[in-house]
Amino acid sequence: MALQMGASVRRVEDYRFITGQGTYVDDINRPGQSYAVFVRSPHAHAKIKSIDTSKAAKAPGVVAVFTGKDTAADKVGGLICGWVVKSKDGQPHKAPAHPVLALDTVRYVGDHVAMVIADTLGQAKDAAELVEVDYDVLTPVIDPVAAVKAGAPLLHADAPGNVCYDWELGDKAATEAAFKSAAHVVKLDLYNNRLIPNAMEPRAAIGEYDRATDTLTCYSTSQNPHVLRLILCAFIYGMPEHKLRVVAPDVGGGFGSKIFCYAEETACTWAAKKINRAVKWTAERSESFMSDAHGRDHQTHAELAVDKDGKFLGLRVSTVANLGAYLSTFATCVPSYLYATLLAGQYTTPAIYAEVKTAFTNTAPVDAYRGAGRPEATYVVERIVEIAARQLKMDPAELRRRNFIAPGAFPYQTPVALQYDSGNYNLALSEALKLADYAGFQARRAESERRGKLRGIGFAAYIEACGIAPSAVVGSLGCGVGLWESAQVRFNPTGSVLVYTGSHSHGQGHETTFAQVVADKFGIPIENIEIVHGDTSKVPMGMGTYGSRSLAVGGSAIVRACDKLIEKGKKIAAHLLEASVQDIEFAEGNFKVAGTDKSVPIGQVVFTSYVPHNYPKDLEPGFEESGFYDPLNFTYPAGTHIAEVEIDPDTGVIAVVNWAAVDDFGKIVNPMIVEGQVHGGIAQGIGQALLEGAVYDKESGQLLTGSFMDYTMPRADDLPSFKVGTTETPCPHNPLGVKGCGEAGAIAAPAALMNAITDALGTEIDMPATQEKVWRAAQNRRMRAAAE
């Protein structure tokens, strides 16, 4: 049988998706189901003086109306943050209460005030309009830098100065010394714009109660159902985990926004028991804009110290990060351990110091969004490196080469905690230069100038840390869970295989890639393998999918379970072939006695395990095993993206005319799926650089970009045809040699594109590079040129 690993096998799950046969939470309807609508705050900051639900409760079809007093009376706990970050003074971060339904104060537009449940969705919507809330409106603070200044409106009494933590990483003294010896110092102020995830499927939840067994079921659009169950049981409901089943069926994209435990699923599941009926909620798009966890929103000052030969001596970074009104599930780790630890980039910079101050503001909570800290770090590093090249009048490719970590230097300890395990950064850069036809750029620029256009080129040599691990290390850094993964592999008697994984697929193609791994391990047809995930009553406890961890961590757990089965199969085969176990080899689906032609196929071994008439006496029947995998280190995908743009100075319109991306993802299981992931990531990165940006009114706190009419998403005509390639330095510490690919495009693209745009304009602008911003910058360029 042909090997599956490394083959572009078509995604087996796609048939049901493209024919409308997927099963999403909103497709599920339970007997006797009711519908929930949430009354949300229209104010960014206000005291709740009173809530009158009497009219709503009497409206047609209304089953119940709940407020924060009801959840408090039932001792429903608040939403939690699962990662403790300590400030410079050693104190843990401030963690103000985050009630499921607001008690006495609302802190952002969209905050949850009441929950109306009715027989139909229309009735619930009508009744929600009848809930009367009397607010005492307070002054909001939207900008994180303004929020941490003296005299700013205070969100939480237990978070003085609106500061969650003031954190640092690196050797400050060594970094200061590096700057004193520098021949050049490059300075840069950056804004990493706030993004709204906008997954194709909005969030949804159904809570259901079975009185006979006293068990709850929560159907959720979750990226990690077991972690959701853990949080709900241990911290919110105070109930045994076996009494709550969480089901995350097909999920239509997440990009990080569906990792977290939200108020809506919490309230629906709690309310189902209160009314003894299933309670369903599906977000409308306007709710998603207001209440899904947002991403990014950093304001940063960075400085790079360089010697006379262009070698980097030191980097210092100061960032203020916006966390929104409350802490989301993993909010604290994103602008700290997932950000500053990547500030070394691909370079040998010997001294780095970063400080991060995180602020509470009257905006939606901010948490992980595709890349989660890594795009922010890459944006800082690659933007300032590009500017250094311009100021030093060096070729940007040459400056990077001069500072790359050499291929023979691995494992490489960075000055910001991480130890890179493998890589060849110069090779990826060289391949990207060829794909981009860098040698011909000046001729293309001259041709654009003849047509009155501006052309620019920009680089991003990114690195990311994926498969966050090991558990002992992240635990010492404040993480509240382990970050291992689990799998169970079960052969049926006739030879088909069920793989139960703690990872969760919401667009990544696990049902294909995991099946490819198993098909190669056992030498069986991929059609005989089914991947099962997303239901805590079926799959083993697992940590879910985020941070490009599924194949490196989840796939490795599957490999461990497969290896155990192969070892068991050797014992059965040895018995059948009347040979020593030590003499049994396994390859291409057959157990063979070494040095002979005696063999037995795996199908016969499996059948024998279930019909053990002729079977080893000391061996258990059956053919299934479990595997757990806790990585020894992160994996470190890296690469170079090169963007090329042409700008019309008369209109400010940017055409992205060329994109070359060369990535090192280690061993690749399915090149087609990898390419698709890279394409999608680049599209999101282009969206951030050119178009997207969540904007709140600074006076009222209203979300001004609360619909697709105001929040611009990238479309097909905003994107070029991508030229993609790969290099390979396998990960040395997981059995597949893989590194993770899901976030790379979103990490590299913003820096590459903004470097190209600013190269064309000859001046700095912040993301998003809207048509108006670009036009103004182009006019300023003309005026400067005329004055010279």
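The values are calculated or read from the model by the stated rules, or taken from the named source; none is laboratory data. Predicted, not measured: the structure shown is a model, and the values here were computed from it. Cβ sites come from the backbone with ideal geometry, for glycine too, and all protein chains shown count toward neighbours. Accessible surface is based on the protein model in full, side chains and every heavy atom, while ligands, DNA and RNA are left aside. Shrake-Rupley method; radii C 1.70, N 1.55, O 1.52, S 1.80 Å.
Go through segment 445-468 and report how many residues are buried (at least 16 other Cβ atoms within 10 Å of the Cβ) and more than 21 Å from A344 (Cα to Cα). If you could, list the steps in order and put the result at the bottom.
Applying the first criterion (buried (at least 16 other Cβ atoms within 10 Å of the Cβ)) to segment 445-468 yields 445, 448, 453-468.
Next, only the ones that are more than 21 Å from A344 (Cα to Cα) stay: 445, 448, 453-457.
Residues in segment 445-468 being buried (at least 16 other Cβ atoms within 10 Å of the Cβ) and more than 21 Å from A344 (Cα to Cα): 7 in total.
Just checking, how many residues over segment 166-189 are surrounded by 14 or more Cβ atoms within 10 Å (Cβ to Cβ) and out of contact with any helix residue (DSSP H, G or I) (no Cβ under 7 Å at 6 or more places or on another chain)?
Within segment 166-189, the first condition is being surrounded by 14 or more Cβ atoms within 10 Å (Cβ to Cβ), and the residues that meet it are 166-172, 174-179, 182, 184-186, 188.
So of that shortlist, the ones also out of contact with any helix residue (DSSP H, G or I) (no Cβ under 7 Å at 6 or more places or on another chain) come out as 166-168, 170-172, 174-179, 182.
So the count comes out to 13.
Pull out all pairs, ordered by first then second residue, where Cβ-Cβ is under 8 Å, the residues are six or more apart or on different chains, the first lies in segment 494-505 and is within 13 Å of P525 (Cβ to Cβ), and the second is assigned to a strand (DSSP E or B) and acidic (D, E).
If the second residue must be assigned to a strand (DSSP E or B) and acidic (D, E), the pairs left are S496/E530; V497/E530.
Return the pair list, or none, for Cβ contacts closer than 6 Å from residues in segment 105-121 that are within 15 Å of L703 (Cβ to Cβ) and assigned by TED's automatic domain parsing to the domain that holds G32 to residues that are charged (D, E, K, R) and part of a strand (DSSP E or B), at least 6 apart or on different chains.
Note: pairs meeting the criteria are G110/R40.
Need a quick list: strands (runs of 3 or more DSSP E) entirely within segment 452-547 having at least 1 residues that are more than 30 Å from V605 (Cβ to Cβ) and more than 23 Å from the chain's Cα centre (by Cα).
Numbers: elements: 454-463, 485-491, 497-501, 529-532.
Of the strands (runs of 3 or more DSSP E) lying wholly inside segment 452-547, those with at least 1 residues that are more than 30 Å from V605 (Cβ to Cβ) and more than 23 Å from the chain's Cα centre (by Cα) span 454-463.
Which ones in segment 750-779 are of a type in the set (A, V, I, L, M, F, W, C) and not in a helix (DSSP H, G or I)? Can you show your working first?
Here is the first cut: in segment 750-779, the ones of a type in the set (A, V, I, L, M, F, W, C) are 751-754, 756-757, 760-761, 765, 767, 769, 774-775, 777-778.
Answer for segment 750-779, where residues must be of a type in the set (A, V, I, L, M, F, W, C) and not in a helix (DSSP H, G or I): I765, M767, A769.
Answer with yes or no whether T758 is within 25 Å of D648 (Cβ to Cβ), open to solvent by less than 50 Å² (accessible area, probe 1.4 Å) and more than 22 Å from the chain's Cα centre (by Cα).
Details: within 25 Å of D648 (Cβ to Cβ): yes; open to solvent by less than 50 Å² (accessible area, probe 1.4 Å): yes; more than 22 Å from the chain's Cα centre (by Cα): yes.
When the stated conditions are applied, T758 passes them.
Go through segment 407-425 and count every residue that is crowded, with 19+ Cβ neighbours inside 10 Å and polar (S, T, N, Q).
3
Kindly evaluate V653 against the criterion of being of a type in the set (A, V, I, L, M), within 30 Å of G762 (Cβ to Cβ) and open to solvent by 30 Å² or more (accessible area, probe 1.4 Å). Break it down stepwise before answering.
Working: of a type in the set (A, V, I, L, M): yes; within 30 Å of G762 (Cβ to Cβ): yes; open to solvent by 30 Å² or more (accessible area, probe 1.4 Å): yes.
So V653 fits the description; yes.
For segment 265-320, give me each residue that is in a loop (DSSP other than H, G, I, E, B), open to solvent by 10 Å² or more (accessible area, probe 1.4 Å) and touching a Gly at 6+ places or on another chain (Cβ under 7 Å).
R277
Could you grab me the full set of residues in segment 65-93 that are surrounded by fewer than 20 Cβ atoms within 10 Å (Cβ to Cβ), touching a strand residue (DSSP E or B) at 6+ places or on another chain (Cβ under 7 Å) and in a loop (DSSP other than H, G, I, E, B)?
Those that are surrounded by fewer than 20 Cβ atoms within 10 Å (Cβ to Cβ), touching a strand residue (DSSP E or B) at 6+ places or on another chain (Cβ under 7 Å) and in a loop (DSSP other than H, G, I, E, B): V84, S87, K88.
Inside segment 366-406, can you point out the residues that are of a type in the set (K, R), surrounded by fewer than 22 Cβ atoms within 10 Å (Cβ to Cβ), out of contact with any Lys or Arg (no Cβ under 8 Å at 6 or more places or on another chain) and within 21 Å of I352 (Cα to Cα)? Don't jump to the end; show me each part of the working.
Of segment 366-406, the ones of a type in the set (K, R) are 370, 374, 383, 390, 393, 400-402.
If we keep only those that are surrounded by fewer than 22 Cβ atoms within 10 Å (Cβ to Cβ) as well, we get 390, 393, 401-402.
Filter again for out of contact with any Lys or Arg (no Cβ under 8 Å at 6 or more places or on another chain), leaving 390, 393, 401.
Matches in segment 366-406: R401 only.
Listed here are the residues, each with its yes/no results for (1) farther than 22 Å from N362 by Cβ; (2) in contact (Cβ under 8 Å) with a residue 24 or more places away in the chain; (3) in a loop (DSSP other than H, G, I, E, B).
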| position | (1), (2), (3) |
| --- | --- |
| K125 | yes, yes, no |
| V145 | no, yes, no |
| H156 | no, yes, yes |
| W167 | yes, yes, no |
| A174 | yes, yes, no |
| A177 | yes, yes, no |
| Y209 | yes, yes, no |
| T217 | yes, yes, no |
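Residues in segment 247-269: is at least one within 21 Å of the chain's Cα centre (by Cα), β-branched (V, I, T) and closer than 27 Å to S34 by Cβ?
Checking segment 247-269: at least one residue is within 21 Å of the chain's Cα centre (by Cα), β-branched (V, I, T) and closer than 27 Å to S34 by Cβ.
Working only within segment 127-143, note down all residues that are touching a strand residue (DSSP E or B) at 6+ places or on another chain (Cβ under 6 Å) and either among the aliphatic types (A, V, I, L, M) or assigned to a loop (DSSP other than H, G, I, E, B) (or both). Steps first, please.
Just the residues of segment 127-143 that are touching a strand residue (DSSP E or B) at 6+ places or on another chain (Cβ under 6 Å), to begin with: 127-128, 131-138, 142.
Hits for segment 127-143 are A127, A128, V131, V133, V137, L138, I142.
From the set of residues in segment 53-64 that are in a helix (DSSP H, G or I) and in contact with a strand residue (DSSP E or B) (Cβ under 8 Å, 6 or more places away or on another chain), which is farthest from E129 (Cα to Cα)? Steps first, answer last, please.
From segment 53-64, those in a helix (DSSP H, G or I) are 54-58; that's our starting set.
Still in the running and in contact with a strand residue (DSSP E or B) (Cβ under 8 Å, 6 or more places away or on another chain): 55-57.
Values: K55: 10, A56: 8, A57: 11 Å.
Looking at the filtered set, the residue picked out is A57.
Could you give every pair whose Cβ atoms fall below 6 Å, whose first residue belongs to segment 247-273 and is over 29 Å from V62 (Cβ atoms), and whose second residue is basic (K, R) and buried (at least 23 other Cβ atoms within 10 Å of the Cβ), counting only separations of at least 6 or pairs across chains?
F255/R370; G256/R370
Return yes or no: is A694 outside the structural domain of I558 (by TED's automatic domain parsing), in contact (Cβ under 8 Å) with a residue 40 or more places away in the chain, touching a strand residue (DSSP E or B) at 6+ places or on another chain (Cβ under 7 Å) and surrounded by fewer than 24 Cβ atoms within 10 Å (Cβ to Cβ)?
On the way: outside the structural domain of I558 (by TED's automatic domain parsing): yes; in contact (Cβ under 8 Å) with a residue 40 or more places away in the chain: yes; touching a strand residue (DSSP E or B) at 6+ places or on another chain (Cβ under 7 Å): yes; surrounded by fewer than 24 Cβ atoms within 10 Å (Cβ to Cβ): yes.
Answer is yes for this residue.
Could you list all residues from segment 426-444 that are open to solvent by 70 Å² or more (accessible area, probe 1.4 Å) and of a type in the set (S, T, N, Q)?
Result: Q442, single match.
Can you find a residue in segment 550-572 that is open to solvent by 20 Å² or more (accessible area, probe 1.4 Å) and part of a loop (DSSP other than H, G, I, E, B)?
Checked segment 550-572: no residue is open to solvent by 20 Å² or more (accessible area, probe 1.4 Å) and part of a loop (DSSP other than H, G, I, E, B).
Got a number for residues in segment 94-111 being crowded, with 23+ Cβ neighbours inside 10 Å and not in a loop (DSSP other than H, G, I, E, B)?
Number of matching residues: 1.
Could you tell me how many of the residues in segment 566-599 are without any contact (Cβ under 8 Å) to a residue 40 or more places away in the chain and within 43 Å of the chain's Cα centre (by Cα)?
So the answer is 5.
Quick check on segment 335-350. Is at least one of its residues open to solvent by 10 Å² or more (accessible area, probe 1.4 Å) and over 25 Å from L429 (Cβ atoms)?
Yes, segment 335-350 contains at least one residue that is open to solvent by 10 Å² or more (accessible area, probe 1.4 Å) and over 25 Å from L429 (Cβ atoms).
For the list (1) in the same structural domain as V247 (by TED's automatic domain parsing); (2) under 30 Å from Q516 (Cα atoms); (3) open to solvent by 60 Å² or more (accessible area, probe 1.4 Å), I need the number of the one condition that S8 fails.
Single failed check for S8: (1).
Among the residues of segment 731-749, are any among the hydrophobic types (A, V, I, L, M, F, W, C), without any contact (Cβ under 8 Å) to a residue 24 or more places away in the chain and part of a helix (DSSP H, G or I)? So that I can check it myself, show each step before the final result.
So the first thing to find is which residues in segment 731-749 are among the hydrophobic types (A, V, I, L, M, F, W, C), and the list is 731, 736, 738, 741, 744, 746-749.
When the remaining residues are screened for being without any contact (Cβ under 8 Å) to a residue 24 or more places away in the chain, the result is none.
No - not one qualifying residue is present in segment 731-749.
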